[in-house]
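The values are calculated or read from the model by the stated rules, or taken from the named source; none is laboratory data. Predicted model only: the values in this text are computed from it and were never measured. All Cβ positions, glycine included, derive from the backbone under ideal geometry; neighbour counts span all protein chains shown. Surface areas here come from the heavy atoms of the whole protein model, side chains and all, with no ligands, DNA or RNA. Shrake-Rupley method; radii C 1.70, N 1.55, O 1.52, S 1.80 Å.
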Amino acid sequence: MAEALELAIAGEPVRLLADRALYWPARQRLLIADLHLGKGDTFRAAGIAVPSGGTAHDLSRLDALVGHTRARELWILGDFLHARRTDAVDAAWRAFRDAHAGIAMAVVPGNHDHAFDPEAAGVERLPDGIVDGPFAFRHAPPSQATASHVVCGHVHPVLRLPGAGRHPLFWLRDGITVLPAFAAFTGGHQVPRAQGRGSVLCNGRQLLRLP
């Protein structure tokens, strides 16, 4: 199973997971951002040749994380969908949802979620910026400082290491934690190395805390 890193954010113990997720033990809550279900289907419908199986792969990873953490809640911080809903994507998600019927699931909709239907997905729709404990959960980073520590996604942060390519990043900053995109098939925002200090790289198997 993916390596985990225990640390405190806003004074609250959390666990970073190498497969691009955060676990909050106090709430038994697993948090991911930018699931982008159906992205490959959208590209193929537009005539762009990309491999199939991305949705199944990502939901299999999520299934493993839910089982490993024994989470009682799953929150998705935006971009649950990539674009339109399809029968195949709906069926894949419902199979995952039905397999974890005892888990409370919720979504903070993101900028890609125009077709998101919480009732059809069997999840709760949460308002952007919902506050729980010391955290405010959003899809995108705020434009100005907030009273609560923000946990969000949207940016898809990555960091390039010399000779080792780009890796997803838990971007830890004062007052804000940006989660890496959970979907394997995503681009990334290149974080300047100077701004990545103290953040955590992840490659699906291991985590590396930067100096």
Output the residue which, of all residues in segment 20-42 that are among the small types (G, A, S) and open to solvent by less than 30 Å² (accessible area, probe 1.4 Å), is modelled with the lowest pLDDT. G40
Anything in segment 101-122 that is within 21 Å of Y23 (Cα to Cα), open to solvent by 70 Å² or more (accessible area, probe 1.4 Å) and either at pLDDT below 95 or among the hydrophobic types (A, V, I, L, M, F, W, C) (or both)? List them, or say none. A101
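When you scan segment 170-203, how many residues do you find that are touching a helix residue (DSSP H, G or I) at 6+ places or on another chain (Cβ under 8 Å), farther than 22 Å from Q144 by Cα and not hydroxyl-bearing (S, T, Y)? Don't jump to the end; show me each part of the working.
Restricting attention to segment 170-203, the residues satisfying the condition of being touching a helix residue (DSSP H, G or I) at 6+ places or on another chain (Cβ under 8 Å) are 171, 173, 182-186.
Cutting the leftovers down to farther than 22 Å from Q144 by Cα gives us 182-186.
From what's left, not hydroxyl-bearing (S, T, Y): 182-185.
Final tally of qualifying residues: 4.
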Across segment 165-211, what is the total count of residues that are open to solvent by less than 10 Å² (accessible area, probe 1.4 Å), assigned to a loop (DSSP other than H, G, I, E, B) and among the hydrophobic types (A, V, I, L, M, F, W, C)? 4
For residues in segment 58-100 being among the hydroxyl-bearing types (S, T, Y) and under 20 Å from A21 (Cα atoms), which is least open to solvent (accessible area, probe 1.4 Å)? T69
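Look at segment 5-19 and say how many of its residues are of a type in the set (D, E, K, R), in a strand (DSSP E or B) and open to solvent by less than 50 Å² (accessible area, probe 1.4 Å). Before you say what the answer is, go through the steps one by one.
In the first step, residues of segment 5-19 are kept if they are of a type in the set (D, E, K, R); the result is 6, 12, 15, 19.
This time we only want the ones that are in a strand (DSSP E or B), so: 6, 12, 15.
Still in the list and also open to solvent by less than 50 Å² (accessible area, probe 1.4 Å): 12.
Matching residues across segment 5-19 total 1.
Taking the stated definitions as given, is V158 within 17 Å of F80 (Cα to Cα), open to solvent by less than 50 Å² (accessible area, probe 1.4 Å) and in contact with a Pro (Cβ under 8 Å, 6 or more places away or on another chain)? Steps first, answer last, please.
Numbers: within 17 Å of F80 (Cα to Cα): no; open to solvent by less than 50 Å² (accessible area, probe 1.4 Å): yes; in contact with a Pro (Cβ under 8 Å, 6 or more places away or on another chain): yes.
Considered against the rule, which asks whether it is within 17 Å of F80 (Cα to Cα), open to solvent by less than 50 Å² (accessible area, probe 1.4 Å) and in contact with a Pro (Cβ under 8 Å, 6 or more places away or on another chain), V158 comes out as no.
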Residues of segment 123-147 being among the small types (G, A, S), open to solvent by less than 30 Å² (accessible area, probe 1.4 Å) and not in a strand (DSSP E or B), in sequence order, are G129, A140
Do you know which of the residues in segment 43-57 that are in a loop (DSSP other than H, G, I, E, B) and open to solvent by less than 50 Å² (accessible area, probe 1.4 Å) is modelled with the lowest pLDDT? V50
